[in-house]
Every structure is written in C-alpha cells, then in structure tokens.
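Read through the structure below, which is laid out as structure tokens, and then see the notes.
All of the numbers you see were taken from the coordinates with simple rules; none came from a lab. Given the structure is predicted, the values throughout are model-derived calculations rather than measurements. Quick reminder, even Gly has a Cβ in these numbers, built from the backbone with ideal geometry, and neighbours come from all protein chains shown.
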Amino acid sequence: MINFKKFILDNGLRVIVHEDHSTPMAMVNVLYDVGAKDEDPEQTGFAHLFEHLMFGGSLHIPSYDEPLQIAGGQNNAFTTDDLTNYYCQVPAKNLETAFWLESDRMLSLAFSEESLEVQRKVVCEEFKEHYINKPYGNAWHLIRELSFQIHPYRWMTIGKELSHIEKARMEDVKSFFKKHYNPMNAILAIGGHVTFDQVETLAKKWFGNIPPGEKYIRHLPEEPEQKEARKKEVYEEVPLNALYKTWHIPGRMDQGYYAIDLISEILSGGNSSRLYESLVKKKKLFSSISCYHFGNVEPGLISIEGKLVPGVKMQDAENAVEEELDLLKSHLLEDQELQKVKNKTESITVFEDMSIMSRATNLSFYELMGNANLMNKELEKYQSINIDHILESAQKTFKEENSNTLYYFKK
C-alpha cells in the first residue's frame, strides 16, 4: 500500500505528497497531460521536442542543469503517446531548489531561436539515427500507419516525418506550450523525506501564482473497429527477414487490459515462455521473438515481432505464430502457468515500487487516469484474472480480421 495525500491549488495544479522518511532524498515529478496523440497531424513530434526544450533554460534561470547539480540533484524526462513526464531527485534538504526550477519553466520557459535550433538539431539527429539509418528503424512507423487509420497513435512519439521538426516555427512552438504546459494540465507529485505541510507551503509559494491556463479537453478521433486483415511487404538492407504482427486491444483503464498484459507474459515473458520455447528453441524458426504492448491510455496494440532464421520461409514462420495463438485460444492453459505470470507481475510491481522515483511517477500517472489510489488497486485486478478471462481475451483479440502484418524482407 502506497500512502499519500493530495490537494489542489487555486490555479488547478494537482499536488500529491508521499512521505517516506527512510531515505534522505526527495523526488519531484511533474507530469503534463500531453503526448504525441495531442499533436496536429501536420506538426508531429512536438511533445518530444518539448521534452528537450524544457531543459533549455527559463526566463530567470538560464541553465536548468547547473543549479540542480550544485544542489546534488539529477533529472530526466520521457515522452509517450499519452503524456510528458519530468522528474528530478535531490537531497531532501534542497527540495526548494527543485520547486524553484520546475515552477520557473512552467511559468516562463525561455523561447529563443538559438535554443529551438539546438534542440531541433538534437531531435533530428535522434530521428535519423534510430529511425532512418538504423536497420528495421522504420518498421514501427510502417506498422502504426498500417494498424491505425485515423487515431493519432498512427505516428511515433518522435514524429511522423522528419520535416515536421525541421520546419517547426517559433510561433508554433509557443502556441503548443501555451495550450498544454500550465497548472490546469499538470500533476505535481513529491515523494521521499518530506512532510505534507512542507510540500503544501512550497507548492503555494512557487506554483500558486502561476496563471492556471485552460484545461485541455481532448476530442480525439475514435479508431473504427477493424473488420479485415491488413498486410504490407517491404524490402530493405537488413541482415534478416522479420515478421511484425499487431492486433487492437482495449485501453489502459479497461478490465480487458489486465488479461492482455498477462497474455503478453505467457507468450513472451522470458526464455521459458511459449513463443521462445516453441519457435526459437524447438522449431528454430526465429532467432528472436517477442510479444509486448505499450500500455496506452487509449485502445492500442499488442504486437508479436521476430527475426527469422536464415532460410526459413516467411509463411512458415507466420503459420507457426498463428498455431501458438490457436493453442492459447483453445483452453490449453493451466492454472499453474497463469499463476506463474501473475507472481512475476506482482514481483516486478513490488520491486519497482521500492524506488521513490517510481512511486512518484506512478502516483502522477494514476492521478492522470482519474485517481492516484488506482495504483493500490492494480495487483487486485491482476489477481482477479482467471483462465476464462484469458481465453475470452485471446479469442476476441487474435482474430484474422483484427490483425495487421508487416513482412520485412531482406533486400
């Protein structure tokens, strides 16, 4: 059980406080309710660009990193389809330094052509390195576009096209910031060697006078139910043929999500999992294979991808994958196997929650989902999943008409 208290400032900023006096450190996590799904289809990659711009200095603090390092702190950030998250860890005695830094860039991020140009180059190089010049780098660009017809999950967090970042103008960047980076659209979570009264005082002092902004209300296009299989072939300079398959799954708050998450573990949770045991070790069709999903807030995808052993025919490899899925859909699951993946999920969750960084981040995420206390309900939801739930979910998900397949051939 993760204990916490929360309050809301007059400007709409939600603040969560988790006291843990077993550590001398404090964690400050700021989650903004904006991700790649909130971008204009003609201006993608902006949420990720801001992940970089937010470290370029603010109006009163030219360098974010320097004062944080002097205070003995460290920081990082990440962007997903659904959110952008910034976090820093400092010795608890220097907690106010983190409040000062985070509040100033929320209030008055420094917009300069120099900073924009520097970060634009960084992001463009990242795009080229990982998605253009890297083998299989464009695979997920292709499979997303194949899997989603209208929902904004159809582009990657890095952006749909390199040109969108190359052509980003200062006025567009400022407009994006004004729309999304404000107290009404943010959650502040503080964890570690702190007290509720201390955090409340500091939050009011450093964030209380920031104008609230407008709460962003989403009107995302709903992806229609897929009713026929989609397939695509590509030929690239890669070492091995590869197979990518996706199926649509429920969103993060749907009960079906928990069955899907356990299914991904049954199929691909380590070297004793079904796909590895059967298709890598026994049949030797794949050199590597994995099944995973992204935990998206909106209905997303579960994927199976694998690199084929040289000489193996693509159709034989795909047939073997389908055979494994048919086994899962045909009651061939024992209580022991299901309990094993439940136990693994529980151990991973408990181990992760030992870190105050993870606790602060997760409290922010679940507050975004509707209530931070949902974090304390997760394991119950996993334990409530039974074999019938797995069977029903597998049969509903792994249908031919719900599938998208990318055949990635070595040129």
What pairs from 205/381; 281/410; 174/232; 6/174; 245/281 go past 29 Å between their alpha carbons? 205/381; 174/232; 6/174
Name the residue farthest towards the positive end of the dipole of segment 5-207 from the options 84, 13, 164, assuming +1 on Cβ of Lys and Arg, -1 on Cβ of Asp and Glu, about the Cα centre. 13
How far is helix 314-328 tilted off the main Cα axis of the chain, in degrees rounded to 10, range 0 to 90? 80
Once the dipole of the chain is set up with Lys and Arg at +1 and Asp and Glu at -1 on Cβ about the Cα centre, which of 386, 137, 100 lies farthest towards its positive end? 137
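Given the Cα-Cα distance of residue 69 and residue 40 and 0.36 nm per residue of separation, how much length would full extension add, in nm? Mind showing how you got there, number by number?
Working: separation 29, 0.36 × 29 = 10.44 nm, distance 3.58 nm.
Using 0.36 nm per residue and subtracting the Cα-Cα distance, I get 6.9 nm.
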Using the Cα centre of the chain as the reference point, and only Cβ charges (+1 on K/R, -1 on D/E), how large is the resulting charge dipole? Debye, rounded to the nearest 20. 420
Can you give the Rg/Rh ratio of the chain, where Rg is from the C-alpha atoms and Rh is the Kirkwood radius? 0.99
Could you check which residue among 170, 106, 375 shows the biggest mean-square fluctuation in a GNM of the chain with a 10 Å Cα cutoff? 170
Mind giving me the nanometre distance, one decimal, between the label points for residue 399 and residue 121, set 7 Å out from Cα along Cα→Cβ? 5.2
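Rounded, prolate or oblate for segment 1-117? Axes are the square roots of the Cα gyration tensor eigenvalues, ordered a ≥ b ≥ c, and the cut-off for rounded is a/c under 1.5. Show your work: numbers first, answer last.
Working: a/c = 2.00, a/b = 1.33, b/c = 1.51.
Judged from the Cα gyration tensor, segment 1-117 comes out oblate (a/c at least 1.5, b/c at or above a/b).
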Connecting C-alpha atoms closer than 10 Å in a GNM of the chain, tell me which of 80, 44, 201 has the biggest fluctuation. 201
Taking the Cβ-Cβ separation of residue 319 and residue 348 as r and a Förster radius of 30 Å, what is the calculated FRET efficiency to the nearest 0.05? 0.40
Can you tell which of 235, 257, 64 shows the greatest fluctuation in a Gaussian network model of the chain with Cα springs below 10 Å? 235
Averaged over all directions, how much area does the convex hull of the C-alpha atoms of segment 230-410 cover when projected, in nm²? 11.1
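Counting Lys and Arg as +1 and Asp and Glu as -1, each charge on the Cβ, what is the dipole of segment 1-102 about the Cα centre in debye, to the nearest 20?
Details: 5 positive and 15 negative charges, 103 e Å.
Around 500 debye, computed over segment 1-102.
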If you line up the long axis of helix 95-108 against the longest principal axis of the chain, both from Cα atoms, how many degrees apart are they, to the nearest 10? 80
Taking every other residue with Cβ under 13 Å from the Cβ of residue 326 and scoring Lys and Arg +1, Asp and Glu -1, one gets -2
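According to the square roots a ≥ b ≥ c of the eigenvalues of the Cα gyration tensor, what is the shape class of segment 5-207, taking rounded for a/c under 1.5, prolate for a/b larger than b/c otherwise, and oblate for the remainder? Please report the intermediate quantities before stating the final value.
Values: a/c = 1.96, a/b = 1.80, b/c = 1.09.
It is prolate, given that a/c is not under 1.5 and a/b is the larger ratio.
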Sum -39500 (n - 2.57) across every DSSP H segment of at least 4 residues in the chain, then divide by the residue count to get the 222 nm mean residue ellipticity, nearest 500. -11500 deg cm²/dmol
Working from Cα positions, state the angle (0 to 90°, nearest 10) between the long axis of helix 170-180 and the longest principal axis of the chain. 90
Toward the positive end of the charge dipole of the chain, about the Cα centre and with charges on Cβ (Lys, Arg +1; Asp, Glu -1), which of 34, 241, 124 goes farthest? 241
